[in-house]
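Structure first, then comments.
What follows draws every value from the coordinates through simple rules; no lab data is involved. The structure displayed is predicted, hence computed values, not measured ones. Heads up, the Cβs are rebuilt from the backbone with ideal geometry, glycines too, and the neighbour counts pull from every protein chain shown.
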């Protein structure tokens, strides 16, 4: 697991809890469902990295979370500005988005096995 993947997971857990707590009192059902879906995407970033052996699926999940992570940030900031929403939801969405983006900047591939490439002998020297 890369260093920033747990940050995305923690942001996802906090966004999930905040969406469940504020469901019905501050935000509508559709908004809460959208935030929960994005929270599950942020939580998937470290879980996919742990569950798979190569980096491809983990990087793909982080790309999705990094590319679409601005949507829950925008939703929660609008809720904060126009309604009397709390600051936990925007902060959690921002942490999940930044954590997934930072995991893409880390180019290490922990747990990936190097490919088995057979060594071939050098060609004979040509007579000049």
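Among 84, 116, the ranking by other beta carbons within 10 Å of each residue's beta carbon, starting with the fewest, stands as 116, 84. Calculated from the alpha-carbon coordinates, the chain shows an Rg and a Dmax of 20.8, 86 Å respectively.
Note that the stretch 45-102, at 25 °C in a medium of 0.890 mPa s, gets a Stokes-Einstein diffusion coefficient of 202 µm²/s from its Kirkwood radius over C-alpha pairs. A simple spin-label model places pseudo-atoms 7 Å from Cα toward Cβ; at residue 57 and residue 122 they are separated by 4.3 nm. The relative contact order of the chain, computed from alpha carbon pairs under 8 Å that lie at least 6 residues apart in sequence, is 38 percent.
What does the extension gain come out to for residue 70 and residue 82, with contour length at 0.36 nm per residue minus their alpha carbon separation?
Result for the pair: 2.5 nm of gain on full extension.
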